[in-house]
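In what follows, a single structure is set out as C-alpha cells and then discussed.
The values are calculated or read from the model by the stated rules, or taken from the named source; none is laboratory data. A quick note: this is a predicted structure, and the numbers were derived from the prediction, not measured. So basically every Cβ, Gly included, is an ideal-geometry build from the backbone, and we count neighbours across all protein chains shown.
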Amino acid sequence: MILKPQQLEQYEQDGFLILEDFVSAAQCDAVRARTEALVEQFDPDGVRSIFSTREQTRTSDDYFLGSGDQIRFFFEEDAFDEDGNLLRTKERSINKIGHALHDLDPVFNGFSRTAQLAQLADDLKIDRPLLLQSMYIFKQPHIGGEVTCHQDATFLYTEPLGVAGLWFAIEDAVIENGCLWAIRGGHRLGLKSRFVRKPEGGTRFEILDQSPWPQAEAIPLEVKKGTLIVLHGLMPHMSRANRSAKSRHAYTLHLMNAGCHYPADNWLQRSPSLPLRGFI
C-alpha cells in the first residue's frame, strides 16, 4: 500500500489528502514541455471556446461538449477584447486543455498510467478504476480566472457516487497565484447540483440543494511542485483568480469506479470508438 491507515482515515474525515513529492520534478517538467509543444501546434483561428465555472451554461458550445474524447483548448474569460481578438499571445491566453490527454497523447498517457497511481486507486478502494477525464490547467499570470466553489461529482456524476480527483501541482501553488481552497469535511454535505445536457441541446445545472457553501471555512492548500492532492468527488473546492505575475500550472485526472453507472445526460461523453480504460 502507498497510503498508511492514518492517511486513509484522514481522507475519509477531511475529503482530501495531500501527498508531497508524489511525482518528480522531471515528470512535471516533461508534461509541461509536452504541453508547450501542443500549444505551439494549436491554431487558435476560429476557436473562441471559453471555460468558466461561473457561466459554463452560457459558454458551453459544440467544441466544449465534444471534447470528452479529444484534445481541445479553452481560453480564459479575459483573453479577448470586445471584438473577439486575443489581447495576449495564445501561450498566455489558454485556460486549460482537455479532456482526453491521458488517452490520446503518449506523454500524458505515461504520466497518468503508472503502477504507483494504480496502487493509490486500490488503496482508495476504487474498484476497477477507469480514467474518466484529464485537464492541463494553466492559471495564467494576471488573467487566471476564478474557479468557483464546486464538487467534481457535479460534472462527473455516477450512481452510486464513485469519482475521485487527482490534482498534480506542476508548479508551486500558493495563495498569490491561485492555489486550491477546500472546505474540510465538506464532502459530507451531500451533492449540491448536477451539470447535465439538455435534451434540446446545450447544458443546464440541475439544482439538488440550494443552501450556500460555508466558504468562510475554506482553507488554502498551498503545495510544492510534484505534490498530489487527492479530492473526494463530493469535496467542495475552488481557486481564486490569479492576478500575480506567476502562473500556476496543474494537471488533473479523474477516476471512476467501473461498477458505477455513468448517466447519458452527463455533459462529458465519449464516442464508442474511444471507450474508457483503466491503468493497463
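Sub-7 Å Cβ pairs linking a first residue in segment 192-204 that is more than 13 Å from THR158 (Cα to Cα) to a second residue that is of a type in the set (Val, Ile, Thr) and buried (at least 16 other Cβ atoms within 10 Å of the Cβ), at least 6 apart or interchain, are LYS192/THR154; ARG197/THR203; THR203/VAL196; ARG204/VAL196, ordered by first then second residue.
It is to be established whether one or more residues within segment 81-89 are in contact with a strand residue (DSSP E or B) (Cβ under 9 Å, 6 or more places away or on another chain) and of a type in the set (Gly, Ala, Ser). Steps first, answer last, please.
Within segment 81-89, the first condition is being in contact with a strand residue (DSSP E or B) (Cβ under 9 Å, 6 or more places away or on another chain), and the residues that meet it are 86-87.
Filter once more, keeping what is of a type in the set (Gly, Ala, Ser): none.
Looking for residues that are in contact with a strand residue (DSSP E or B) (Cβ under 9 Å, 6 or more places away or on another chain) and of a type in the set (Gly, Ala, Ser), one finds none in segment 81-89, hence no.
Does any residue of segment 131-150 turn out to be among the polar types (S, T, N, Q), surrounded by 22 or more Cβ atoms within 10 Å (Cβ to Cβ), part of a loop (DSSP other than H, G, I, E, B) and in contact with a strand residue (DSSP E or B) (Cβ under 8 Å, 6 or more places away or on another chain)? Break it down stepwise before answering.
The initial filter retains those residues of segment 131-150 that are among the polar types (S, T, N, Q), namely 133-134, 140, 148.
Okay, now just the ones that are also surrounded by 22 or more Cβ atoms within 10 Å (Cβ to Cβ), so 133-134, 140.
The next check asks that each one be part of a loop (DSSP other than H, G, I, E, B); those that pass are 140.
Remaining after also requiring in contact with a strand residue (DSSP E or B) (Cβ under 8 Å, 6 or more places away or on another chain): 140.
Yes: segment 131-150 contains one or more residues that are among the polar types (S, T, N, Q), surrounded by 22 or more Cβ atoms within 10 Å (Cβ to Cβ), part of a loop (DSSP other than H, G, I, E, B) and in contact with a strand residue (DSSP E or B) (Cβ under 8 Å, 6 or more places away or on another chain).
Scanning for something among the aliphatic types (A, V, I, L, M), over 20 Å from the mean Cα position of the chain (by Cα) and at pLDDT below 95, does segment 263-280 turn up at least one residue? Scanning segment 263-280 turns up at least one residue that is among the aliphatic types (A, V, I, L, M), over 20 Å from the mean Cα position of the chain (by Cα) and at pLDDT below 95.
Could you check, for segment 184-198, whether at least one of its residues is in a loop (DSSP other than H, G, I, E, B), of a type in the set (Gly, Ala, Ser) and surrounded by fewer than 22 Cβ atoms within 10 Å (Cβ to Cβ)? Explain how you work it out, then say what you get.
First pass over segment 184-198, keeping only residues in a loop (DSSP other than H, G, I, E, B): 184-185, 190-192, 198.
Filter once more, so that each one left must be of a type in the set (Gly, Ala, Ser): 185, 190.
Now narrow it down to the ones that are surrounded by fewer than 22 Cβ atoms within 10 Å (Cβ to Cβ): 185, 190.
Checked segment 184-198: at least one residue is in a loop (DSSP other than H, G, I, E, B), of a type in the set (Gly, Ala, Ser) and surrounded by fewer than 22 Cβ atoms within 10 Å (Cβ to Cβ).
Within the option set GLU40, GLU12, being loosely packed, with under 12 Cβ neighbours inside 10 Å and at pLDDT 95 or above holds for one residue only, GLU40. For LEU87, the conditions (1) surrounded by fewer than 16 Cβ atoms within 10 Å (Cβ to Cβ); (2) at pLDDT 85 or above; (3) out of contact with any helix residue (DSSP H, G or I) (no Cβ under 7 Å at 6 or more places or on another chain) all hold with the exception of (3).
Just need a number here: residues in segment 246-280 that are assigned to a strand (DSSP E or B) and either of a type outside the set (Val, Ile, Thr) or surrounded by 21 or more Cβ atoms within 10 Å (Cβ to Cβ) (or both). So the answer is 10. Here GLU171, GLU159 are screened, and the one residue that is closer than 16 Å to THR252 by Cα, modelled with pLDDT of 95 or more, surrounded by fewer than 24 Cβ atoms within 10 Å (Cβ to Cβ) and charged (D, E, K, R) is GLU171.
For segment 205-217, the set of residues classified as without any contact (Cβ under 8 Å) to a residue 60 or more places away in the chain and in a strand (DSSP E or B) consists of GLU206, ILE207, listed by residue number. Condition check for PRO220 on (1) part of a loop (DSSP other than H, G, I, E, B); (2) surrounded by fewer than 17 Cβ atoms within 10 Å (Cβ to Cβ): one failure, at (1).
A single entry from ASP123, ASP21 fulfils the requirement of being out of contact with any Gly (no Cβ under 8 Å at 6 or more places or on another chain), surrounded by fewer than 21 Cβ atoms within 10 Å (Cβ to Cβ), farther than 30 Å from GLU200 by Cα and modelled with pLDDT of 95 or more: ASP123.
The residues of segment 174-183 that are crowded, with 17+ Cβ neighbours inside 10 Å and either more than 30 Å from ASP29 (Cβ to Cβ) or not aliphatic (A, V, I, L, M) (or both), listed by number, are ASN177, GLY178, CYS179, TRP181, ILE183.
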